[in-house]
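**Q** One structure, as C-alpha coordinates, below. Some questions next.
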Amino acid sequence: MIMQPHIQISKVSKVFSTGEREVAALDDINLDIKPGEFVCLLGPSGCGKSTLLNAVAGFSLPTAGVIHVNGKPVQAPGPDRGMVFQEYALFPWMTVENNIAFGLEIQKQTKAQIGEKVGALLEMLKLQDFRDRYPKDLSGGMRQRVAIARVLALDSPIMLMDEPFGALDSLTRRNLQDELLRIWMEFRKTIIFVTHSIEESIYLADRIIVMTYRPGKIKKDVSVNMPHPRDPSSAEFNDLKKELGLLVMEEQSRHNQEEIKAPTAD
Amino acid sequence: MKNPYLAKTFETLQGFLVPIALLALWQWLSTQAIVNPQILPAPTKVLAKWWEYLMPMEAFDPARSGYLAWIFSGEMIRDAYASLYRVVVGFLVGAVLALPLGLMMGANDRIYKLFNPLIQILRPIPPIAFIPLSILWFGLGNPPAIFLIVIGAFFPILMNTIAGVRHVDGIYIRAARSLGASQTTMFLRVILPAATPYILTGARIGVGTAFIVVIVAEMIAVNNGLGYRILEAREFFWSDKIIAGMFSIGLLGLAIDTGMNRLNNHLLKWHRGIENK
(Lines give C-alpha, C1' and ligand atoms only; values in the text may rest on other atoms or scores of the structure.)
Protein backbone atom coordinates (compact mmCIF):
# COMPACT_ATOMS: atom_id res chain seq x y z
CA MET A 1 0.00 0.00 0.00
CA ILE A 2 1.32 3.40 -0.95
CA MET A 3 0.56 5.96 1.69
CA GLN A 4 -0.56 9.32 0.43
CA PRO A 5 1.69 12.08 1.76
CA HIS A 6 0.01 14.07 4.50
CA ILE A 7 1.69 17.27 3.42
CA GLN A 8 2.92 17.65 -0.11
CA ILE A 9 5.06 20.63 -0.99
CA SER A 10 5.51 20.92 -4.75
CA LYS A 11 7.83 23.33 -6.56
CA VAL A 12 7.29 26.01 -3.97
CA SER A 13 9.08 29.34 -4.41
CA LYS A 14 8.61 32.56 -2.52
CA VAL A 15 9.91 35.98 -3.46
CA PHE A 16 9.62 38.94 -1.12
CA SER A 17 9.77 42.35 -2.72
CA THR A 18 10.74 45.21 -0.45
CA GLY A 19 10.74 48.37 -2.54
CA GLU A 20 13.07 47.85 -5.47
CA ARG A 21 14.88 44.87 -3.98
CA GLU A 22 13.63 41.36 -4.44
CA VAL A 23 14.68 38.62 -2.10
CA ALA A 24 14.18 35.01 -3.06
CA ALA A 25 13.33 33.32 0.22
CA LEU A 26 12.39 29.90 -1.13
CA ASP A 27 13.42 28.32 -4.39
CA ASP A 28 11.81 25.20 -5.83
CA ILE A 29 11.12 23.27 -2.64
CA ASN A 30 9.78 19.76 -3.05
CA LEU A 31 8.96 17.81 0.05
CA ASP A 32 6.54 15.02 0.93
CA ILE A 33 5.72 14.47 4.56
CA LYS A 34 4.07 11.24 5.71
CA PRO A 35 1.33 11.08 8.32
CA GLY A 36 2.77 10.98 11.81
CA GLU A 37 6.19 12.08 10.69
CA PHE A 38 8.24 14.44 12.86
CA VAL A 39 10.17 16.72 10.50
CA CYS A 40 12.63 19.40 11.55
CA LEU A 41 13.51 22.29 9.26
CA LEU A 42 17.07 23.21 10.14
CA GLY A 43 19.23 26.09 8.98
CA PRO A 44 20.70 29.47 9.89
CA SER A 45 18.45 32.50 10.13
CA GLY A 46 17.45 33.76 6.70
CA CYS A 47 17.29 30.31 5.13
CA GLY A 48 13.54 30.51 4.68
CA LYS A 49 12.58 27.79 7.13
CA SER A 50 9.99 29.96 8.84
CA THR A 51 8.77 31.16 5.45
CA LEU A 52 8.15 27.58 4.46
CA LEU A 53 6.34 26.88 7.70
CA ASN A 54 4.18 29.98 7.24
CA ALA A 55 3.33 28.81 3.76
CA VAL A 56 2.16 25.45 5.10
CA ALA A 57 0.21 27.27 7.79
CA GLY A 58 -1.40 29.43 5.13
CA PHE A 59 -0.27 32.76 6.58
CA SER A 60 1.69 33.73 3.50
CA LEU A 61 1.14 31.85 0.29
CA PRO A 62 4.01 30.90 -2.05
CA THR A 63 4.61 32.97 -5.20
CA ALA A 64 4.94 29.76 -7.20
CA GLY A 65 4.12 26.15 -6.59
CA VAL A 66 1.50 24.63 -4.34
CA ILE A 67 1.18 22.93 -0.96
CA HIS A 68 -1.35 20.17 -0.49
CA VAL A 69 -2.56 19.03 2.89
CA ASN A 70 -4.59 15.82 2.73
CA GLY A 71 -4.81 16.35 -1.00
CA LYS A 72 -6.28 19.85 -0.70
CA PRO A 73 -4.31 22.95 -1.67
CA VAL A 74 -3.52 25.32 1.21
CA GLN A 75 -5.16 28.70 0.74
CA ALA A 76 -5.65 30.06 4.23
CA PRO A 77 -4.82 29.23 7.84
CA GLY A 78 -7.09 26.72 9.48
CA PRO A 79 -7.57 24.64 12.61
CA ASP A 80 -6.45 21.47 10.81
CA ARG A 81 -2.91 22.86 11.12
CA GLY A 82 -2.28 23.98 14.69
CA MET A 83 0.45 26.57 15.03
CA VAL A 84 2.80 27.06 17.98
CA PHE A 85 4.74 30.30 17.84
CA GLN A 86 8.08 31.17 19.39
CA GLU A 87 6.43 34.22 20.97
CA TYR A 88 3.71 31.94 22.46
CA ALA A 89 0.98 34.22 21.05
CA LEU A 90 -1.31 33.50 23.97
CA PHE A 91 -4.15 35.97 24.33
CA PRO A 92 -3.10 37.96 27.40
CA TRP A 93 -6.68 38.97 28.25
CA MET A 94 -7.75 35.36 28.62
CA THR A 95 -6.91 33.05 31.49
CA VAL A 96 -4.99 29.85 30.82
CA GLU A 97 -8.25 27.94 30.76
CA ASN A 98 -9.92 30.35 28.35
CA ASN A 99 -6.91 30.37 26.05
CA ILE A 100 -7.14 26.60 25.71
CA ALA A 101 -10.92 26.68 25.31
CA PHE A 102 -10.94 29.45 22.69
CA GLY A 103 -10.50 27.19 19.64
CA LEU A 104 -13.23 24.87 20.93
CA GLU A 105 -15.59 27.77 21.48
CA ILE A 106 -14.99 28.83 17.89
CA GLN A 107 -16.05 25.32 16.84
CA LYS A 108 -19.21 25.81 18.92
CA GLN A 109 -18.65 22.73 21.03
CA THR A 110 -20.86 22.34 24.07
CA LYS A 111 -19.82 23.64 27.48
CA ALA A 112 -19.55 20.08 28.78
CA GLN A 113 -17.33 18.96 25.91
CA ILE A 114 -15.11 22.00 26.29
CA GLY A 115 -14.86 21.55 30.04
CA GLU A 116 -13.88 17.94 29.69
CA LYS A 117 -11.24 18.52 27.02
CA VAL A 118 -9.72 21.51 28.74
CA GLY A 119 -9.61 19.65 32.04
CA ALA A 120 -7.79 16.72 30.46
CA LEU A 121 -5.28 19.00 28.73
CA LEU A 122 -4.61 21.02 31.87
CA GLU A 123 -3.79 17.77 33.61
CA MET A 124 -1.71 16.37 30.77
CA LEU A 125 0.45 19.47 30.61
CA LYS A 126 0.55 19.92 34.40
CA LEU A 127 -1.25 23.24 34.26
CA GLN A 128 -4.09 22.52 36.73
CA ASP A 129 -2.78 24.98 39.31
CA PHE A 130 -2.63 27.77 36.76
CA ARG A 131 -6.01 27.49 35.10
CA ASP A 132 -7.27 30.85 36.37
CA ARG A 133 -4.00 32.71 35.85
CA TYR A 134 -3.30 35.17 33.10
CA PRO A 135 -0.36 34.57 30.74
CA LYS A 136 1.60 37.45 32.28
CA ASP A 137 1.84 35.47 35.53
CA LEU A 138 3.44 32.47 33.83
CA SER A 139 7.05 31.64 32.99
CA GLY A 140 8.09 31.14 29.37
CA GLY A 141 7.98 27.37 29.69
CA MET A 142 4.50 27.46 31.20
CA ARG A 143 3.27 29.78 28.49
CA GLN A 144 4.51 27.43 25.81
CA ARG A 145 2.74 24.55 27.53
CA VAL A 146 -0.49 26.53 27.32
CA ALA A 147 0.16 27.26 23.65
CA ILE A 148 0.70 23.56 22.98
CA ALA A 149 -2.45 22.68 24.91
CA ARG A 150 -4.39 25.25 22.88
CA VAL A 151 -3.34 23.51 19.68
CA LEU A 152 -3.93 20.01 21.07
CA ALA A 153 -7.45 21.02 22.05
CA LEU A 154 -8.32 21.34 18.37
CA ASP A 155 -7.35 17.74 17.67
CA SER A 156 -5.59 18.96 14.56
CA PRO A 157 -3.66 16.16 12.87
CA ILE A 158 -0.83 18.56 12.06
CA MET A 159 1.24 20.68 14.42
CA LEU A 160 3.41 23.45 13.02
CA MET A 161 6.02 24.74 15.43
CA ASP A 162 8.11 27.83 14.74
CA GLU A 163 11.17 27.70 17.01
CA PRO A 164 8.83 27.05 19.92
CA PHE A 165 11.53 26.51 22.51
CA GLY A 166 13.99 29.08 21.18
CA ALA A 167 13.44 31.55 24.01
CA LEU A 168 13.61 29.03 26.87
CA ASP A 169 16.51 28.14 29.14
CA SER A 170 18.16 24.79 28.43
CA LEU A 171 16.57 22.85 31.29
CA THR A 172 13.04 24.00 30.53
CA ARG A 173 13.78 23.35 26.92
CA ARG A 174 14.77 19.73 27.45
CA ASN A 175 11.73 19.30 29.63
CA LEU A 176 9.38 20.54 26.95
CA GLN A 177 11.14 18.54 24.25
CA ASP A 178 10.45 15.36 26.24
CA GLU A 179 6.89 16.46 26.78
CA LEU A 180 6.45 17.10 23.07
CA LEU A 181 7.85 13.67 22.19
CA ARG A 182 5.46 12.07 24.66
CA ILE A 183 2.53 13.93 23.08
CA TRP A 184 3.71 13.11 19.58
CA MET A 185 3.96 9.40 20.37
CA GLU A 186 0.60 9.37 22.08
CA PHE A 187 -1.33 11.24 19.38
CA ARG A 188 0.84 10.44 16.33
CA LYS A 189 0.58 13.94 14.97
CA THR A 190 2.43 15.11 11.91
CA ILE A 191 4.85 17.74 13.13
CA ILE A 192 6.89 20.30 11.25
CA PHE A 193 9.30 21.89 13.67
CA VAL A 194 11.52 24.83 12.77
CA THR A 195 14.76 25.21 14.68
CA HIS A 196 18.31 26.43 14.28
CA SER A 197 19.57 24.11 16.98
CA ILE A 198 21.25 21.03 15.51
CA GLU A 199 21.03 19.14 18.78
CA GLU A 200 17.33 19.88 19.14
CA SER A 201 16.61 18.58 15.65
CA ILE A 202 18.50 15.33 16.27
CA TYR A 203 16.87 14.86 19.66
CA LEU A 204 13.36 15.21 18.22
CA ALA A 205 13.02 14.44 14.55
CA ASP A 206 12.49 11.44 12.29
CA ARG A 207 13.75 13.52 9.47
CA ILE A 208 15.86 16.64 9.30
CA ILE A 209 15.65 18.95 6.31
CA VAL A 210 18.79 21.12 6.15
CA MET A 211 18.13 24.30 4.21
CA THR A 212 20.48 26.60 2.32
CA TYR A 213 20.88 30.30 2.92
CA ARG A 214 19.09 32.55 0.43
CA PRO A 215 17.47 31.37 -1.66
CA GLY A 216 16.19 28.65 0.65
CA LYS A 217 16.57 25.26 -0.97
CA ILE A 218 16.75 21.79 0.45
CA LYS A 219 20.43 21.10 1.00
CA LYS A 220 20.03 17.71 2.55
CA ASP A 221 17.25 15.42 3.68
CA VAL A 222 18.53 13.32 6.59
CA SER A 223 16.67 10.44 8.22
CA VAL A 224 17.30 9.87 11.92
CA ASN A 225 16.95 6.22 12.81
CA MET A 226 17.64 6.27 16.52
CA PRO A 227 15.04 5.04 18.98
CA HIS A 228 13.61 7.46 21.56
CA PRO A 229 14.66 8.53 24.11
CA ARG A 230 17.83 9.58 22.36
CA ASP A 231 21.03 10.04 24.27
CA PRO A 232 22.82 13.23 23.25
CA SER A 233 26.10 11.84 24.57
CA SER A 234 26.02 8.70 22.40
CA ALA A 235 28.51 8.27 19.55
CA GLU A 236 25.77 7.97 16.92
CA PHE A 237 24.16 11.19 18.09
CA ASN A 238 27.46 13.02 17.98
CA ASP A 239 28.47 11.71 14.57
CA LEU A 240 25.24 13.03 13.15
CA LYS A 241 25.70 16.27 15.02
CA LYS A 242 29.13 16.70 13.47
CA GLU A 243 27.84 15.93 9.99
CA LEU A 244 24.93 18.34 10.27
CA GLY A 245 27.18 20.89 11.92
CA LEU A 246 29.39 21.05 8.83
CA LEU A 247 26.39 21.47 6.55
CA VAL A 248 24.87 24.24 8.66
CA MET A 249 28.24 25.98 9.08
CA GLU A 250 28.65 26.26 5.30
CA GLU A 251 25.33 28.09 5.10
CA GLN A 252 26.07 30.16 8.17
CA SER A 253 29.32 31.41 6.63
CA ARG A 254 27.51 32.31 3.40
CA HIS A 255 25.08 34.22 5.59
CA ASN A 256 27.96 36.02 7.31
CA GLN A 257 29.61 36.95 4.03
CA GLU A 258 26.39 38.37 2.64
CA GLU A 259 25.97 40.39 5.79
CA ILE A 260 29.42 41.90 5.21
CA LYS A 261 28.79 42.48 1.51
CA ALA A 262 25.35 43.93 2.02
CA PRO A 263 26.33 47.50 3.02
CA THR A 264 28.50 47.99 -0.09
CA ALA A 265 26.04 46.27 -2.40
CA ASP A 266 24.10 49.36 -3.47
CA MET B 1 17.01 49.04 64.88
CA LYS B 2 14.67 50.59 62.37
CA ASN B 3 11.00 50.02 62.76
CA PRO B 4 9.41 49.77 59.29
CA TYR B 5 6.06 50.96 60.62
CA LEU B 6 7.65 54.06 62.16
CA ALA B 7 9.62 54.71 59.00
CA LYS B 8 6.42 54.58 56.98
CA THR B 9 4.66 56.99 59.32
CA PHE B 10 7.61 59.32 59.17
CA GLU B 11 7.54 59.23 55.40
CA THR B 12 3.83 60.09 55.35
CA LEU B 13 4.40 62.95 57.78
CA GLN B 14 7.18 64.23 55.56
CA GLY B 15 4.71 64.57 52.73
CA PHE B 16 2.66 67.00 54.81
CA LEU B 17 5.63 69.19 55.60
CA VAL B 18 5.58 71.49 52.59
CA PRO B 19 1.78 71.94 52.44
CA ILE B 20 1.66 72.78 56.16
CA ALA B 21 4.50 75.25 55.84
CA LEU B 22 2.76 76.88 52.91
CA LEU B 23 -0.55 77.07 54.76
CA ALA B 24 1.17 78.60 57.76
CA LEU B 25 2.83 81.21 55.56
CA TRP B 26 -0.48 81.94 53.86
CA GLN B 27 -2.28 82.26 57.21
CA TRP B 28 0.40 84.58 58.50
CA LEU B 29 0.43 86.80 55.38
CA SER B 30 -3.33 87.13 55.56
CA THR B 31 -3.82 87.71 59.32
CA GLN B 32 -0.95 90.18 59.44
CA ALA B 33 -2.66 91.97 56.54
CA ILE B 34 0.57 91.90 54.56
CA VAL B 35 -1.62 90.81 51.70
CA ASN B 36 -5.08 92.27 51.47
CA PRO B 37 -7.43 89.62 52.99
CA GLN B 38 -10.01 90.63 50.43
CA ILE B 39 -7.67 89.28 47.77
CA LEU B 40 -6.18 86.40 49.70
CA PRO B 41 -8.35 85.36 52.65
CA ALA B 42 -6.75 83.25 55.37
CA PRO B 43 -6.96 79.46 54.94
CA THR B 44 -9.07 79.26 58.10
CA LYS B 45 -11.59 81.59 56.52
CA VAL B 46 -11.58 79.58 53.32
CA LEU B 47 -12.14 76.40 55.25
CA ALA B 48 -15.01 77.95 57.18
CA LYS B 49 -16.57 79.11 53.91
CA TRP B 50 -16.05 75.69 52.39
CA TRP B 51 -17.89 74.09 55.28
CA GLU B 52 -20.69 76.62 55.00
CA TYR B 53 -20.89 75.96 51.25
CA LEU B 54 -20.96 72.22 51.88
CA MET B 55 -23.60 72.11 54.62
CA PRO B 56 -27.35 72.71 54.14
CA MET B 57 -28.41 76.31 54.49
CA GLU B 58 -31.45 75.62 56.64
CA ALA B 59 -31.66 73.76 59.92
CA PHE B 60 -32.81 70.17 59.86
CA ASP B 61 -36.58 69.87 60.02
CA PRO B 62 -37.88 66.27 60.11
CA ALA B 63 -41.30 67.51 59.04
CA ARG B 64 -39.98 68.76 55.72
CA SER B 65 -37.48 66.16 54.57
CA GLY B 66 -35.53 63.05 55.52
CA TYR B 67 -32.12 63.40 57.10
CA LEU B 68 -30.28 62.12 54.02
CA ALA B 69 -32.12 64.52 51.72
CA TRP B 70 -31.30 67.34 54.12
CA ILE B 71 -27.59 66.52 54.42
CA PHE B 72 -27.28 66.54 50.64
CA SER B 73 -29.20 69.76 50.19
CA GLY B 74 -26.16 72.01 50.61
CA GLU B 75 -25.32 74.35 47.75
CA MET B 76 -22.01 72.65 47.00
CA ILE B 77 -23.52 69.21 46.84
CA ARG B 78 -26.12 70.41 44.39
CA ASP B 79 -23.47 72.18 42.32
CA ALA B 80 -21.19 69.16 42.31
CA TYR B 81 -24.10 66.96 41.30
CA ALA B 82 -25.01 69.30 38.44
CA SER B 83 -21.42 69.35 37.17
CA LEU B 84 -20.99 65.60 37.54
CA TYR B 85 -24.27 64.97 35.75
CA ARG B 86 -23.10 67.01 32.75
CA VAL B 87 -19.72 65.30 32.68
CA VAL B 88 -21.27 61.83 32.83
CA VAL B 89 -23.96 62.45 30.22
CA GLY B 90 -21.58 64.29 27.87
CA PHE B 91 -18.88 61.69 28.29
CA LEU B 92 -21.26 58.80 27.67
CA VAL B 93 -22.71 60.41 24.55
CA GLY B 94 -19.18 61.19 23.31
CA ALA B 95 -18.02 57.64 24.00
CA VAL B 96 -21.05 56.05 22.37
CA LEU B 97 -20.34 58.08 19.23
CA ALA B 98 -16.56 57.74 19.24
CA LEU B 99 -16.19 54.05 20.06
CA PRO B 100 -17.98 52.46 17.07
CA LEU B 101 -16.55 55.01 14.68
CA GLY B 102 -13.06 54.47 16.05
CA LEU B 103 -13.38 50.70 15.85
CA MET B 104 -14.59 50.89 12.27
CA MET B 105 -11.91 53.38 11.27
CA GLY B 106 -9.21 51.32 12.90
CA ALA B 107 -10.32 48.06 11.33
CA ASN B 108 -11.28 49.23 7.86
CA ASP B 109 -8.97 51.28 5.71
CA ARG B 110 -11.70 52.59 3.44
CA ILE B 111 -13.77 53.91 6.31
CA TYR B 112 -10.59 55.42 7.75
CA LYS B 113 -9.83 57.26 4.52
CA LEU B 114 -13.41 58.44 4.28
CA PHE B 115 -13.56 60.02 7.74
CA ASN B 116 -9.97 60.87 8.54
CA PRO B 117 -9.71 64.19 6.62
CA LEU B 118 -12.80 65.60 8.34
CA ILE B 119 -11.54 64.50 11.73
CA GLN B 120 -8.12 65.99 11.14
CA ILE B 121 -9.79 69.33 10.38
CA LEU B 122 -12.11 69.30 13.40
CA ARG B 123 -9.79 67.76 15.95
CA PRO B 124 -7.41 70.72 16.47
CA ILE B 125 -10.31 73.06 17.28
CA PRO B 126 -10.37 73.28 21.09
CA PRO B 127 -13.82 72.38 22.47
CA ILE B 128 -13.90 75.80 24.14
CA ALA B 129 -13.93 77.40 20.68
CA PHE B 130 -17.30 75.77 20.09
CA ILE B 131 -18.90 77.83 22.89
CA PRO B 132 -20.38 80.62 20.75
CA LEU B 133 -21.75 78.15 18.24
CA SER B 134 -23.17 75.90 20.92
CA ILE B 135 -25.03 78.79 22.54
CA LEU B 136 -26.31 79.88 19.15
CA TRP B 137 -27.55 76.39 18.45
CA PHE B 138 -28.78 75.27 21.84
CA GLY B 139 -29.41 78.45 23.81
CA LEU B 140 -28.54 78.37 27.50
CA GLY B 141 -28.74 75.59 30.09
CA ASN B 142 -27.67 71.97 29.94
CA PRO B 143 -27.81 71.32 26.17
CA PRO B 144 -24.94 73.60 25.10
CA ALA B 145 -22.82 72.51 28.08
CA ILE B 146 -23.36 68.84 27.33
CA PHE B 147 -22.71 69.45 23.64
CA LEU B 148 -19.32 70.95 24.50
CA ILE B 149 -18.47 68.04 26.79
CA VAL B 150 -19.44 65.57 24.07
CA ILE B 151 -16.95 67.26 21.77
CA GLY B 152 -14.29 67.30 24.48
CA ALA B 153 -14.69 63.58 25.19
CA PHE B 154 -15.25 62.48 21.59
CA PHE B 155 -11.86 63.13 20.03
CA PRO B 156 -9.53 61.59 22.60
CA ILE B 157 -11.65 58.42 22.68
CA LEU B 158 -11.85 58.31 18.89
CA MET B 159 -8.13 58.79 18.28
CA ASN B 160 -7.11 56.25 20.89
CA THR B 161 -9.61 53.68 19.69
CA ILE B 162 -8.29 53.99 16.14
CA ALA B 163 -4.71 53.67 17.38
CA GLY B 164 -5.66 50.74 19.62
CA VAL B 165 -7.19 48.74 16.79
CA ARG B 166 -4.35 49.58 14.44
CA HIS B 167 -1.72 48.54 16.95
CA VAL B 168 -3.11 45.11 17.69
CA ASP B 169 -0.12 42.80 17.52
CA GLY B 170 -0.29 40.76 14.31
CA ILE B 171 0.65 37.62 16.20
CA TYR B 172 -2.74 37.54 17.98
CA ILE B 173 -4.51 37.86 14.65
CA ARG B 174 -2.43 35.04 13.21
CA ALA B 175 -3.00 32.83 16.23
CA ALA B 176 -6.75 33.43 16.10
CA ARG B 177 -6.89 32.80 12.36
CA SER B 178 -5.10 29.50 12.73
CA LEU B 179 -7.58 28.55 15.46
CA GLY B 180 -10.32 29.15 12.91
CA ALA B 181 -11.78 32.42 14.20
CA SER B 182 -14.44 34.07 12.04
CA GLN B 183 -14.41 37.81 11.34
CA THR B 184 -16.90 38.49 14.12
CA THR B 185 -15.07 36.37 16.67
CA MET B 186 -11.80 37.99 15.66
CA PHE B 187 -13.27 41.41 16.20
CA LEU B 188 -15.11 40.80 19.45
CA ARG B 189 -12.72 38.45 21.19
CA VAL B 190 -9.32 39.45 19.83
CA ILE B 191 -9.20 42.96 18.37
CA LEU B 192 -11.51 44.60 20.91
CA PRO B 193 -9.82 43.24 24.04
CA ALA B 194 -6.38 43.80 22.56
CA ALA B 195 -7.32 47.44 21.96
CA THR B 196 -8.80 48.04 25.44
CA PRO B 197 -5.65 49.51 27.00
CA TYR B 198 -5.66 52.21 24.31
CA ILE B 199 -9.41 52.72 24.48
CA LEU B 200 -9.29 53.16 28.25
CA THR B 201 -6.43 55.62 27.95
CA GLY B 202 -8.63 57.54 25.52
CA ALA B 203 -11.54 57.38 27.95
CA ARG B 204 -9.36 58.72 30.72
CA ILE B 205 -8.13 61.64 28.64
CA GLY B 206 -11.72 62.15 27.48
CA VAL B 207 -13.03 62.40 31.05
CA GLY B 208 -10.23 64.82 31.89
CA THR B 209 -11.12 67.03 28.95
CA ALA B 210 -14.82 66.77 29.79
CA PHE B 211 -14.08 67.99 33.29
CA ILE B 212 -12.16 71.02 32.01
CA VAL B 213 -14.89 71.80 29.53
CA VAL B 214 -17.71 71.51 32.07
CA ILE B 215 -16.18 74.17 34.31
CA VAL B 216 -15.73 76.59 31.40
CA ALA B 217 -19.17 75.82 29.98
CA GLU B 218 -20.77 76.51 33.35
CA MET B 219 -19.06 79.87 33.54
CA ILE B 220 -20.74 80.90 30.30
CA ALA B 221 -23.84 78.94 29.44
CA VAL B 222 -25.42 77.75 32.68
CA ASN B 223 -26.43 79.17 36.06
CA ASN B 224 -25.50 76.39 38.41
CA GLY B 225 -22.64 73.95 38.85
CA LEU B 226 -19.22 74.41 40.39
CA GLY B 227 -17.89 76.49 37.49
CA TYR B 228 -20.84 78.87 37.63
CA ARG B 229 -20.51 79.19 41.41
CA ILE B 230 -16.93 80.43 41.47
CA LEU B 231 -17.62 82.95 38.72
CA GLU B 232 -20.67 84.14 40.63
CA ALA B 233 -18.55 84.47 43.78
CA ARG B 234 -16.13 86.73 41.89
CA GLU B 235 -18.94 89.15 41.13
CA PHE B 236 -19.55 89.54 44.87
CA PHE B 237 -15.83 89.67 45.59
CA TRP B 238 -16.10 86.52 47.74
CA SER B 239 -12.54 85.39 47.33
CA ASP B 240 -12.95 82.85 50.13
CA LYS B 241 -15.79 81.20 48.25
CA ILE B 242 -13.82 81.24 44.99
CA ILE B 243 -10.97 79.36 46.63
CA ALA B 244 -13.36 77.02 48.45
CA GLY B 245 -15.06 76.30 45.11
CA MET B 246 -11.74 75.64 43.42
CA PHE B 247 -10.92 73.24 46.19
CA SER B 248 -14.21 71.42 45.59
CA ILE B 249 -13.55 71.25 41.86
CA GLY B 250 -10.21 69.66 42.64
CA LEU B 251 -11.82 67.10 44.92
CA LEU B 252 -14.42 66.18 42.32
CA GLY B 253 -11.71 65.84 39.69
CA LEU B 254 -9.74 63.61 42.01
CA ALA B 255 -12.82 61.47 42.64
CA ILE B 256 -13.49 61.09 38.90
CA ASP B 257 -9.88 60.19 38.21
CA THR B 258 -9.80 57.65 41.03
CA GLY B 259 -12.98 56.10 39.68
CA MET B 260 -11.51 55.81 36.20
CA ASN B 261 -8.36 54.33 37.65
CA ARG B 262 -10.34 51.66 39.49
CA LEU B 263 -12.21 50.83 36.31
CA ASN B 264 -8.92 50.62 34.41
CA ASN B 265 -7.39 48.27 36.94
CA HIS B 266 -10.44 46.09 36.94
CA LEU B 267 -10.72 45.81 33.16
CA LEU B 268 -7.00 45.43 32.63
CA LYS B 269 -6.14 42.98 35.36
CA TRP B 270 -4.63 40.79 32.65
CA HIS B 271 -2.37 43.57 31.45
CA ARG B 272 1.35 43.33 31.96
CA GLY B 273 1.89 46.90 33.14
CA ILE B 274 -0.47 46.70 36.08
CA GLU B 275 0.21 45.08 39.41
CA ASN B 276 -2.31 42.53 40.55
CA LYS B 277 -3.67 42.74 44.04
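The values are calculated or read from the model by the stated rules, or taken from the named source; none is laboratory data. Remember, it's a predicted structure, so these values are computed and weren't measured experimentally. Backbone-built Cβ (ideal geometry, glycine too); neighbour counts: all protein chains shown.
**Q** What about B:ALA210, is it away from chain A (no Cβ under 14 Å), buried (at least 22 other Cβ atoms within 10 Å of the Cβ) and closer than 30 Å to A:ALA89 by Cα?
**A** In short, no.
**Q** Something else about it: For region A:59-86: of the residues being within 8 Å of chain B (Cβ to nearest Cβ), surrounded by 16 or more Cβ atoms within 10 Å (Cβ to Cβ) and without any contact (Cβ under 8 Å) to a residue 60 or more places away in the chain, which is farthest from B:GLY170 (Cα to Cα)?
**A** A:GLY78
**Q** Also, quick follow-up: From the list A:ARG174, A:ARG131, pick out the single residue that is assigned by TED's automatic domain parsing to the domain that holds A:ALA57, of a type in the set (Lys, Arg) and free of Cβ contacts under 8 Å to residues at least 40 places away in the same chain.
**A** After applying the criteria, what remains is A:ARG174.
**Q** Something else about it: Return the residues of region A:87-106 that are under 17 Å from B:ILE173 (Cα atoms) and outside any helix (DSSP H, G or I); say none if nothing qualifies.
**A** Scanning region A:87-106 gives A:GLU87, A:TYR88, A:ALA89, A:LEU90, A:PHE91, A:PRO92, A:TRP93, A:MET94.
**Q** Return the residue satisfying two criteria in turn: it lies in region B:30-76 and is closer than 22 Å to B:GLU235 by Cβ and charged (D, E, K, R), and of such residues it is surrounded by the most Cβ atoms within 10 Å (Cβ to Cβ).
**A** Only one residue tops the list, namely B:LYS49.
**Q** Tally time: how many residues in region B:130-186 are touching a residue at least 12 places away in the same chain (Cβ under 8 Å) and within 12 Å of another protein chain (Cβ to nearest Cβ)?
**A** Qualifying residue count for the region: 6.
**Q** Here are A:GLU116, A:GLU97, A:GLU123: which of them is within 14 Å of chain B (Cβ to nearest Cβ), more than 27 Å from A:GLY43 (Cα to Cα) and not aliphatic (A, V, I, L, M)? Break it down stepwise before answering.
**A** Working: A:GLU116 fails: within 14 Å of chain B (Cβ to nearest Cβ); A:GLU123 fails: within 14 Å of chain B (Cβ to nearest Cβ).
Residue meeting the stated conditions: A:GLU97.
**Q** Do any helices (runs of 4 or more DSSP H) entirely within region A:128-213 hold 1 or more residues that are within 14 Å of chain B (Cβ to nearest Cβ), and if so, which?
**A** A:140-153
**Q** Could you list, in sequence order, all residues of region B:69-107 that are touching a residue at least 40 places away in the same chain (Cβ under 8 Å) and β-branched (Val, Ile, Thr)?
**A** Within region B:69-107, B:VAL87, B:VAL89, B:VAL93 qualify.
**Q** Still on this model: Return yes or no: is A:LEU104 buried (at least 19 other Cβ atoms within 10 Å of the Cβ), away from chain B (no Cβ under 14 Å) and not small (Gly, Ala, Ser)?
**A** It is false that A:LEU104 is buried (at least 19 other Cβ atoms within 10 Å of the Cβ), away from chain B (no Cβ under 14 Å) and not small (Gly, Ala, Ser).
**Q** Now for a different question. Give the number of residues within region A:13-44 that are within 12 Å of A:THR190 (Cβ to Cβ) and outside any loop (DSSP other than H, G, I, E, B).
**A** The qualifying residues number 4.
**Q** Name, by its number, the condition in (1) touching a helix residue (DSSP H, G or I) at 6+ places or on another chain (Cβ under 7 Å); (2) within 14 Å of chain B (Cβ to nearest Cβ) that does not hold for A:ASN54.
**A** Status for A:ASN54: all satisfied but (1).
**Q** From B:ARG166, B:ARG262, which residue is of a type in the set (Lys, Arg), under 21 Å from B:ILE111 (Cα atoms) and surrounded by fewer than 18 Cβ atoms within 10 Å (Cβ to Cβ)?
**A** B:ARG166
**Q** Another one. When B:ARG177 is evaluated against the numbered criteria (1) buried (at least 17 other Cβ atoms within 10 Å of the Cβ); (2) touching a helix residue (DSSP H, G or I) at 6+ places or on another chain (Cβ under 7 Å), which criterion, by number, is the only one it fails?
**A** (2)
**Q** Take A:ARG188 and decide whether it is closer than 19 Å to A:ILE33 by Cα and not assigned by TED's automatic domain parsing to the domain that holds A:ALA120.
**A** Judged against the criteria, A:ARG188 is a match.
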